[in-house]
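So the structure is just underneath, and the comments pick up after that.
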Amino acid sequence: MKLSVRVIEARNLPAMDLNGFSDPYVRLQLGKQKVRTNVVKKSLNPQWGEEFGFQVDNLNEELLFSVLDEDKYTNDDFVGQLKIPVSRIFESDDKWLGPAWHSLQPKNERSKNKDCGEILLTIYFPQNNSSLDLNGSGVHGLQGRKYADETIESSSSGPLDPPSPLRVEEIASSMEDKSCMQNSIADRIAQIFNKHSDTDSLASKPPEISGPEVYENKSEDKSSSDTFEELMRKIESRDQGNEIPNNLPGGVVLDQLYQIAPPDLNSLLFSPDSRFYKPLADLQGSTELQLGPWKFENVESLKRVVTYIKAATKVIKAVKATEEQMYLKADGKVFAVLASVSTPDVMYGSNFKVEVLYCITPGPELPPGEQSSHLIVSWRMNFLQGTMMKGIIENGARQGIKESFEQYASLLSEIINPVDSKALGSNKEQVLASLHVKPPSDWKLAVQHFANFTVVSSICMGLYVLVHIWLARPSAIQGLELFWLDLPDSISEFIVCSVMVLQGERLMRMILRFMQARIKKGSNHGIKAQGDGWFLTVALVEGINIAAVDSSGSSDPYVVFTCKGKTRTSSIKFKKSDPQWNEIFEFDAMDELPSVLDVKVYDFDGPFDEIKSLGHAEINFLKYNKSDLADLWIPLQGKLAQACRSKLHLRVFLDNSRGGNVVREYLSKMEKEVGRKMNVRSPQTNLAFQKLFGLPPEEFLINDFTCHLKRKMPLQGRLFLSARIIGFHTNLFGHQTKFFFLWEDIEDIQIVPPTLSSMGSPIIVMTLRPGRGMDAQHGAKTKEDGRLKFRFQSFVSFNIAHRTIMALWKARSLSPEQRVQIIEESEAKSIQTDESSSLGLDDVSMSEVYASALSVPVSFFMEVFSGGILDHRVMEKAGCLNYFYTPWESEKGDVYERHIRYKFDKNISCYRGEVTSTQQRSTLSDKNGWLVEEVMTLHGIPLGDNFNLHLRYQIEDLPPKSKRCMVRVYFGITWLKSTTNQKRITKNIMKNMQDRLKTIFCVVEREFAAR
């Protein structure tokens, strides 16, 4: 009988090559039958999608899957293997196994690599096996099965010939007679000749082979008679949420937006009654076009076959082409179709196939509310056998594919209106105008806050008590009760009263929270941009499935955007798992084009509580075009975010206010660093550079150099330098190697002295930051501690290349903090000099938070505010970094003032915020001590601009002989903006302040004792 095996894909395979990838293929073996799949180049998660058939002679045999890594010059490396007994498949339900993931095993237990990855397989016995394929080989492993000569003769005609119903019944009845295993040819022959009586009984009846064939044809007609829409509904119901397949490595030949819904575009391109194929065949000169019906094969894949005769060209004559189309994904919104084209009549045509992948995804919503579709067509050459003409064949196929899809795109544009992605993303005002926050109604807020168990139970308890008061009679005064004071008479009454008080307190808190939410609705947290240059505008629309970290099953999320050292923070959405922000953030103009935008989502508990990350993401502007950025859903990374499948909906716009002068201005600035004239490249050169690496249109080429990339062997190519990336490309005998990484990814650049292998030229070694540039790891020489190292050598003009690389790297790697450090230091003495001398503490409600009698004199304690050694030690112990202060200056009379600035250590605040403070010092009224007043402002902390902190130190001298002083500290907070949970924030700050004061006083006493 026939066994069908479908090798679908593999995942998490170990890297066997030095480039961090493998070239895997699968070798299948059953007995002496051996087959293998195609090789997938440079992949650890290869997709094959190939099917094979085996003739089963013995159910005791094992089906062996061996995954190997192809090597050109050495033996293929072993990756992993899998053994599945045939009997396991035969005994499974419906004789069907899969599709299921199987773990690959090493060759032996001594192998170093225990984790060999997984492989996805489907293995089954086809339902139309004649007599269960019990031909001469079918007796192997089948327990005592009796059948006639006609059965053997009919089964020997082919593995796909179906049995007649009569023979199936005869076999089924004879299977119950014996239970012993017969594995030899002699046993089979003996069994055949011993069953003449059964044969005679069957010979009197005519063979009924045609009956099942008619039945099979009817089933095929039934499946093919379904309309295309019905087939789409069936495959949509079977879609298991598979990921969208990646573009094929041969390149993208069509990438266009169309003004049509994705299902309609799918129907236009692949429906049997489509009006697109015949005009396309006439335009390309193809003849004898035959579109086969769509049919389900193996119950899991929808396929069809298209045949036609390709028109003759200058190189080859007209040949017949067979195109097998198969749906990889169809969920109603996303469609992916893989077409495999074979032309066996051309020279070396049996050695290769051309594979074309059509991906249809939803495009951005158009302004009138219409839908759009994004069509991407990519291709690759799949060589079934090696040949010396591989490079020539691939180049010829590339030219033919390019010409064919130019005609394909032009015809499609005549039928459907294409959408200009540049014009779509440029209308920023129209897109942002839709983000108006509609304030929720009071009824909606009331339901949101009061529709819970606490309110309902409180109302029920209140009504119950009122009814009890109405029904009960007044009781006599007893115990310690007064005529106006009625106390609980038992423990149970005391418990009931306590519960009611607690419920009333919780209800009052909810009422206050509702009032605050009503006042805060419709607030705007956007910041307008200033300056001239590159403007970055980010619209935060919404989030879905945000992880819940609170005990209430929700969280208080807010989002922090960071670009080139500048941050923007969204508002906090309390108790939301699907928050709606609809907020717009604008970054100040940047002189240089930004590369990435970091997005981090946090849960807010308090300024000094431990930070809780709900997820993070990175938007690389080099991987998106304007239309994609205009409507972007980004999945969040992180354990919590990936477990909950959290996503953010953003609209990002990157605009330039300087026009075409931005390139000339940037080059003129680089000329001063390099010391050499730099010319603006032509638009054609820039366009070719952008297409080569798939870059957006605003990226421009600065310079390129011929050099060698050092890996196993030196690889000659060209090194391309632009404002944001450094890229390398080579094409050696048809094998392309290209990669790029950001300038910000580089951690260090070193120059190695010239060697004989570098042809007398120094070597430039670039070391990337940990975890960065992983898309380019196939070009790295080594990988140490997560850092990739790239070695470039044999430059024609090394000095110019070195100066240009260093100038571009320094311009991008210098952080904004380092750039403004000199300005900050020069202006440090004038911090807040325009502020009033009065700190305004008289209007603040302050309470005592700490009081202690210290065993130190007043004069020594005041050194804490002197700026000396004790001052620095105290601030260091209190977790204050980068401590800076100005000298005390007289403001009026005996009042002195100074300004201080420092940053919190991460152990004090995970936000590492910055503090600016103004202190005033004056003597007490009785001249018996000092009064120090301080106003603190927190920067870089959520809601830090909503309040100011006020401290008052009152230091009094105790009797002189004791050498002690009394220190009292008062604390107050001024709310500049209204916000929710003010009590929680105040409590958090006060607790941190008390701990900090204890630390300061302990350090003062310890330092005094040490003296």
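Residue pairs exceeding 23 angstrom between C-alpha atoms, taken from Lys42/Lys623; Lys278/Lys402; Lys669/Lys810; Lys83/Lys303; Lys564/Lys600; Lys72/Lys710: Lys83/Lys303.
Give me the Debye-computed log₁₀ of I(q)/I(0) at q = 0.13, 0.16, 0.21, 0.24 Å⁻¹ for the stretch 683-790, equal point scatterers on Cα only, no solvent, two decimals. Results for the stretch 683-790 at q = 0.13, 0.16, 0.21, 0.24 Å⁻¹ read -0.50, -0.76, -1.25, -1.48. Extension gain for Thr361-Glu592 works out to 79.9 nm (0.36 nm per residue, less the C-alpha to C-alpha distance). Peptide packing for 721-728, 256-263 was compared via the average number of neighbouring C-beta atoms within 10 Å per residue; ordered from the highest value, the list is 721-728, 256-263.
When every Cα-Cα distance of the stretch 544-608 is counted in 5 angstrom steps from zero, the calculated P(r) takes the values 4, 15, 25, 20, 15, 11, 6, 3, 1, 0 percent.
Couplings 3J(HN,Hα) for the stretch 694-702, derived from phi with the Karplus relation 6.51 cos²θ - 1.76 cosθ + 1.60 (θ = phi - 60°), are x, 9, x, x, 7, 7, 10, 7, 9 Hz, where x marks Gly and Pro.
Overall shape: prolate for the stretch 560-677, with the ratio a/c of the largest to smallest alpha carbon gyration tensor axis at 1.5 or above and a/b above b/c.
A full extension of the chain between Arg36 and Asp282 corresponds to an added length of 84.7 nm, given 0.36 nm per residue minus the alpha carbon distance. Taking a ≥ b ≥ c as the square roots of the eigenvalues of the Cα gyration tensor, an a/c ratio of 1.5 or more together with a/b no larger than b/c marks the stretch 619-758 as oblate. Dimensions of the stretch 1-40 based on its C-alpha atoms, expressed as ranges along the principal axes with the largest first, amount to 43, 19, 14 Å.
With protein chains left intact and a 1.4 Å probe, residues in the stretch 926-981 average 45 Å² of accessible area per residue. Ordering of 488-497, 947-956 by packing is 947-956, 488-497, highest average first (other Cβ atoms within 10 Å, averaged per residue). Just the protein heavy atoms count here, and of the accessible area of the stretch 1-119 at 1.4 Å, carbon and sulfur take up 44 percent. The accessible surface of the stretch 575-624, taken with every protein chain in place and a 1.4 Å probe, is 39 percent carbon and sulfur.
Note on Lys320 and Thr937: with the Förster distance fixed at 60 Å, the Cβ-Cβ geometry gives a FRET efficiency of about 0.15. Counting only protein heavy atoms and a 1.4 Å probe, tell me what percentage of the stretch 282-411's accessible area is made up of carbon and sulfur. Looking at the stretch 282-411 in its full context, I get 54 percent from C and S. Remark: the stretch 618-754 carries 49 Å² of accessible area per residue (probe radius 1.4 Å; ligands, DNA and RNA excluded). Each residue of the stretch 895-906 was assigned a 3J(HN,Hα) from its phi angle through the Karplus expression (A = 6.51, B = -1.76, C = 1.60, θ = phi - 60°), giving 9, 10, 9, 8, 10, 10, 8, 7, 10, 6, 6, 5 Hz with x at Gly and Pro. Protein-only accessible surface at a 1.4 angstrom probe places the residues Lys903, Lys789 in the order Lys903, Lys789, largest first.
For the stretch 344-407, the Cβ-based charge dipole about the Cα centre amounts to some 340 debye (Lys, Arg positive; Asp, Glu negative; other atoms uncharged).
3J(HN,Hα) along the stretch 73-81: 9, 10, 5, 5, 7, 7, 9, x, 9 Hz, from the Karplus curve 6.51 cos²θ - 1.76 cosθ + 1.60 with θ = phi - 60°, whole Hz, x for Gly and Pro. Considering the stretch 703-766, its Cα convex hull presents a mean projected area of 4.9 nm².
Grouping the Cα pair distances of the stretch 880-1011 into 5 Å bins from zero gives a pair-distance distribution of 2, 8, 15, 20, 20, 16, 10, 6, 2, 1, 0 percent in increasing distance order.
Per residue, the stretch 42-130 exposes 53 Å² of solvent-accessible protein surface, assessed with a 1.4 angstrom probe and all protein chains in place.
Peptides 708-716, 790-798 ranked from most to least packed give 790-798, 708-716, packing being the mean of other C-beta atoms within 10 angstrom over each peptide's residues.
The values are calculated or read from the model by the stated rules, or taken from the named source; none is laboratory data. Keep in mind that what you see is a predicted model, and the values were worked out from it rather than measured. Note: ideal-geometry Cβ built from the backbone for every residue, glycine included; neighbour counts use all protein chains shown. Just the protein is used for accessible areas: all its heavy atoms, side chains included, with ligands, DNA and RNA removed. Shrake-Rupley method; radii C 1.70, N 1.55, O 1.52, S 1.80 Å.
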